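The values are calculated or read from the model by the stated rules, or taken from the named source; none is laboratory data. Every value quoted in this text rests on a predicted model; they were computed, and no experiment measured them. So basically every Cβ, Gly included, is an ideal-geometry build from the backbone, and we count neighbours across all protein chains shown.
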Amino acid sequence: MMSQATKEKSQYRSAFEEFAKQIAQGEPLWAARLREGAMDRFEAKGFPTTDLEDWKYTNVAPIVRAAFRPASNKAGSPAQPEMIDPSIYTEAARSRLVFVNGVYSPELSSLEALPAGVVLADFATAFTGEHADLLRESVEQNAAHDEDAFAALNTAFLRDGAFLLIPKGVSVEAPILLLFISTSADPDVLSSPRVVVVAERDSAATIIESYSASGDAVYFTNAVVDISLGDNARVTHYKVQDESLRAFHVASTRAELGRGSAYNLTTITLGAQLSRHGIEVLFEQEGAECWVDGLYMVGTGQHADTHSLIDHRKAHCTSHQNYKGILDGKSRAVFNGRVFVHRDAQQTDAMQSNKNLLLSTEARVDTKPQLEIYADDVKCAHGATVGQLEEEELFYLASRGLHANLARNLLTYGFAEEIVDKIKIGSIKAQLDEAILNRLHARLEA
Amino acid sequence: MSTIELLANQEYKYGFVTDIESDAIPKGLTEDTVRLISSKKDEPEWMLEFRLKAYRHWLTMREPKHWPNITYPEINYQDVVYYSAPKQKATKASLDEVDPELLRTFEKLGIPLTEQKQLAGVAVDAVFDSVSVATTYKEKLKKYGVIFCSFSEAVREYPEIVKKYLGSVVPTNDNYFAALNSAVFTDGSFVFIPKGVRCPMDLSTYFRINNQESGQFERTLIVAEEGSHVSYLEGCTAPKFDKNQLHAAVVELIALDDAEIKYSTVQNWYAGDEEGKGGIYNFVTKRGKCAGRNSKISWTQVETGSAITWKYPSCILLGENSVGEFYSVALTNHAQQADTGTKMIHIGKNTRSTIISKGISAGKSRNSYRGLVKVLAGAEGARNYTQCDSMLIGSKSGANTFPYIEVMNNTARVEHEATTSRISEEQLFYLQQRGISQEDAVSLIINGFCKEVFRELPMEFAVEAQRLLGMKLENSVG
C-alpha cells in the first residue's frame, strides 16, 4: 500500500514538472510559487483513506490506482462547436465560458450577453487584467486553508479557470454558464477546473456550473469553486454534474456570505462512477440566508458522496438544506451534512433534511446529518430518512388503473419533483426531467 | 426579561466517604495484577485465561480519543487501584454478618439492605468498590429458578452458564475499555431467568465507589431464556474527590426466543465541581443481543452524573422480529461532558428499533448524541425510528447530534429526526402567571421534555429521576 502511494506521488510529481515547463511563459511568478507549495502539500498529505472520519464511506483507491495526467497542451483539444451544442443551455448561449478537457477554449466561449462592468474571463486573461489582485487574493486564500489533498492537487495544476466579477449594484439578467466538457479524444486526463466568483455588494447573478462529457471516457475532474458574496448580494448557483459514467469527479464549493446576502445552491448529481462534492457555506456576517439543495440519482456502478458544512458564525442567519437521493441498481450514496452553530450565532434558524429512496435491493445509503450547537437561542432541526415507495401509494395508483411499473415511476418522479421544481432555468429543468424519465423508462424495459 | 442564565447547582448529596478498612492491592496494572485479582477471587483457570487474553489484547490497543466529542487529560492506568474490597468475613451467610458500617452506608444512600426495611418488590445487589456486599431476596427468587447473585458467586456456582455467555456479546477485544474491563473486572451482577419465567420482582444493582484511588470495573451478565421476562435497574453514586476516578463497566444482555429484558439505569456518579475538578470518568460498554425470534431488549437510561460519559448501550437484532429500544435522558451541567447514544444493528428480518434521546445541556457542558442505525443486507423489512431532541440552557453550553445511518437493504425504513431548542420565555411566562414559581416552571417544562423517556422507567425510578433532574438544575435559571 505504501509503495503504491509513493509511486502515485512520484507519478503526479513528474506530471507536475512537465506541466510547469509547459506553462512557464505566461504564468505570473506568484502563481508558480503557489503551485509548487501546493504540490508539496499534496505529497505530504497523500490521498485520504477511509480511516479518516470524513472519508469513512468513500474509498478513493480507484483514483489513486489510475494514472491521470493533465491535458497535454492547448492546441491538442479538438472540440468542435457541434460537439458541445447539446451541453449548452440556451438561456446562457451568449454568456458562457467553455473548457474542454480542463483547457479553456476561447473559440467556444461567448460573452455577448454580459452587461458592461461584468468581468468573465479565463485565468490567463484575468492574471494580467485589471482585477489580477482580486483573483490572486482568492487563489492564495484558498491555498492557505485547503484541507485535503484534492484541493492541493487542484492548486498544483492551476492553469485554466474562470474568473467572474459582478461589480456592486449590477444585476446580470442572463445566467452565466461555466461549461466543463470532457471528450474521449483525451483519455485518462486530469482536469483541474477552478472557479472564482466575486459578487460585490448589492449585485445579483445566476451561475450554472456544468460538467458533461461526450463519449464514455475515463477521466478525473478535480474542481474547486470559490464564491464570495458582498453585502446584500444575491447569487443563484446551479451545479450540474453529468460526467461520463466511468469518470471520477471530486469537487469542492465554498461560499462566503456577507451581511444580508443570499446564496441559493442547487446541485444535480447524475454522472461519474465515483463523485464527491464538498460544500462549505460560511456565514461571515449577520442576516444572511442560504439554500443548499440537491438531488443525486445514481445507478449500478455509481457512488455519489455529498459532504456539506453550513457554518453559522454570526447571528441572525438562516439556512435551508434539502437533499434527496434516488438509488437504483448496485449503487451507493453518502450524505454527510454538518451544521455548526458558533457561540455567538444567536437567533440562528437551521433546517436540514436528507431523504433517500432505494429502488433496488443492492443499493446502499450512508447518511449522517450532524448538528453541533453552541448557542442557546437557536432553532435547529434535521431529519433523514431511508426507505422505499409506499405500498399504500402504489396501491392507490393501481386502483386508479395505473400499471404497477408506471405507478412506481410516477411516484419516483414525484419524489424528485421537489428539487426539480425549484430550478428556475427551463433548459436545466428539461435536462433533468429527461434524465429522470430516461432512467425510469430504462427500468420499464429492463 | 432575560431570565435564563446559570447560577449554582445544588450540592451533590451522595458525596460522603465511608470510613471503612479496605483490603486493596497496590496501584498499577501488569500481568501480575491480573493474576492477583483472579487468585484473590479464587477463580477457575478458564476465567484467568479469559482475563489474560483480554489484558494482552488491551496492551495492543489505543484509547479511543479521536472520535468522541470529549476531552480529558491523559489517564495514567498505572495510578489506579484495581482491587479494593471492604474488609469483612469472606463468606456472608446472611446480612447479619455484613459490616454494619456498610449497611449504614447503603441506608444513607436510600438503599436499605436489612430484611425488614427492604424495598418491597425489588431485589438488590449492592456493590461496594470491587465487591458485592449483599444480595437481597436471593432465596425467594431461587424458588422461581431465577438466579440473581454477584458475578464472583456466579463464576463459582454456575460456571457453565457464565462460560457459555461471557464475552459472547462484548468480546474481550471489542474496544479499549471493554478489554481493560475484561482483564481486571472484579465483581458485578449475574442474572439468569430460566425458560418461561416471568421474574416476580424487579432486580437491581447499586454501585458505590468509595476508595479514592480505585477504579470500578464491574461486569453484568443477564441471560433471559426462551419466553422469560425481567426488568433490571441499576443505580450508581460515588463520594466527592478532587481526583478523577475511572469506571469502566461491561454489561452483556442475551435474550433468547420470545424473551424480554428491560434494563434501566439512573446514573448519578459524582460529576466533579463547577470547574470540572474531580468526578467519575464513566467509560462503559453496554450491549444486548436479541439472539432469539421475537425477543426484545429495552434500554432506558437517565444520565445525570459523571464528569465524562462515554456510553452507547446497543442492541444487536439478530433474531427475526426482534425489537430494540433505547430511551435516554442525558443531563449535563457545569463542566460535564457526555458523548452518549446507541447502536441498533439490524441483522434479522422484520427487526424493529426505536431511539428516543433527550439531551439537556446547561452551564458550560457539552452534550452529544452519537448513534448508529445499521441495516444489513439480510434485514428485510427492518424499521427504525429515531428522535433526538436537545435543549440548551444558558449560552455557554453545547449540544451536538451525530447520527450515523447505514442502510444496505431497500425494504428497510429508517427515519431520523432531531431538534434543538431552549425553554421559551413564553412557556415560562405562561406558567408563572398561573402562580407557579419559576423553578417549578422550569422543572415542569424539563420533565415534559423528558416525558417519553420517564414513562419507560419503573415507577420508583421515574420518581427518582424526576427529582434528580430538578435537583441538578436547581438555581440554574434565575
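Values computed for the structure shown
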| read-out | value |
| --- | --- |
| Qualifying residue in region B:316-327 (condition: of a type in the set (F, W, Y) and within 12 Å of the chain's Cα centre (by Cα)) | no |
| Matching option when the condition is β-branched (V, I, T), over 24 Å from B:D32 (Cα atoms) and buried (at least 21 other Cβ atoms within 10 Å of the Cβ), among B:V146, B:V197 | B:V146 |
| Which listed residue is surrounded by 20 or more Cβ atoms within 10 Å (Cβ to Cβ) and either within 17 Å of the chain's Cα centre (by Cα) or touching a residue at least 12 places away in the same chain (Cβ under 8 Å) (or both), from B:Y206, B:Y165, B:Y158 | B:Y206 |
| Within region B:188-222, tally of residues that are over 18 Å from B:Q245 (Cα atoms) and not in a loop (DSSP other than H, G, I, E, B) | 13 |
| Conditions (1) closer than 30 Å to A:E173 by Cβ; (2) small (G, A, S); (3) in contact with a helix residue (DSSP H, G or I) (Cβ under 8 Å, 6 or more places away or on another chain): number failed by A:A407 | (1) |
| Single residue of A:K324, A:K355 found to be modelled with pLDDT of 90 or more, in contact with a Lys or Arg (Cβ under 7 Å, 6 or more places away or on another chain), buried (at least 21 other Cβ atoms within 10 Å of the Cβ) and within 30 Å of A:L245 (Cα to Cα) | A:K324 |
| Residue within region A:170-183 that is among the charged types (D, E, K, R) and either free of Cβ contacts under 8 Å to residues at least 40 places away in the same chain or buried (at least 24 other Cβ atoms within 10 Å of the Cβ) (or both) present | no |
| Search result, residues across region B:298-313 that are part of a strand (DSSP E or B) and either within 12 Å of the chain's Cα centre (by Cα) or within 19 Å of B:N69 (Cα to Cα) (or both) | B:W299, B:T300, B:Q301, B:V302, B:E303, B:I308, B:T309, B:W310, B:K311 |
| Yes/no for B:V453 being at pLDDT 85 or above and of a type in the set (A, V, I, L, M, F, W, C) | yes |
| Those residues of region A:383-409 which are within 26 Å of A:S353 (Cβ to Cβ), surrounded by 14 or more Cβ atoms within 10 Å (Cβ to Cβ) and more than 14 Å from chain B (Cβ to nearest Cβ), in sequence order | A:L397, A:A407, A:N409 |
| Of the criteria (1) over 21 Å from A:L327 (Cα atoms); (2) within 14 Å of chain B (Cβ to nearest Cβ); (3) within 23 Å of the chain's Cα centre (by Cα), which one A:V365 fails | (1) |
| Residue satisfying condition, being buried (at least 22 other Cβ atoms within 10 Å of the Cβ), touching a Lys or Arg at 6+ places or on another chain (Cβ under 6 Å) and outside the structural domain of A:A430 (by TED's automatic domain parsing), within set A:G161, A:G102 | A:G161 |
| Condition met for A:I423 (buried (at least 21 other Cβ atoms within 10 Å of the Cβ) and away from chain B (no Cβ under 14 Å)) | yes |
| Checking B:D440 against (1) without any contact (Cβ under 8 Å) to a residue 40 or more places away in the chain; (2) within 12 Å of another protein chain (Cβ to nearest Cβ), the condition it does not meet | (2) |
| Unmet criterion (only one of (1) among the β-branched types (V, I, T); (2) modelled with pLDDT of 90 or more; (3) assigned to a strand (DSSP E or B)) for B:V124 | (2) |
| Some residue of region B:71-89 being surrounded by 15 or more Cβ atoms within 10 Å (Cβ to Cβ), at pLDDT below 75 and not charged (D, E, K, R) | yes |
| Hey, B:L457 assigned to a helix (DSSP H, G or I) and closer than 19 Å to B:C236 by Cα or not | no |
| Among the residues listed as B:S395, B:S361, the single one being within 10 Å of chain A (Cβ to nearest Cβ), buried (at least 24 other Cβ atoms within 10 Å of the Cβ) and not β-branched (V, I, T) | B:S361 |
| Whichever residue in region A:340-361 is within 8 Å of chain B (Cβ to nearest Cβ) and not in a strand (DSSP E or B) and, among such residues, is farthest from A:L440 (Cα to Cα) | A:R343 |
| Filter result for the condition that a residue is surrounded by fewer than 24 Cβ atoms within 10 Å (Cβ to Cβ), more than 19 Å from B:F185 (Cα to Cα) and out of contact with any Gly (no Cβ under 6 Å at 6 or more places or on another chain), over B:D273, B:D242, B:D258 | B:D273 |
| B:E439 vs. criteria surrounded by fewer than 21 Cβ atoms within 10 Å (Cβ to Cβ), within 28 Å of the chain's Cα centre (by Cα) and not assigned by TED's automatic domain parsing to the domain that holds B:V266 | no |
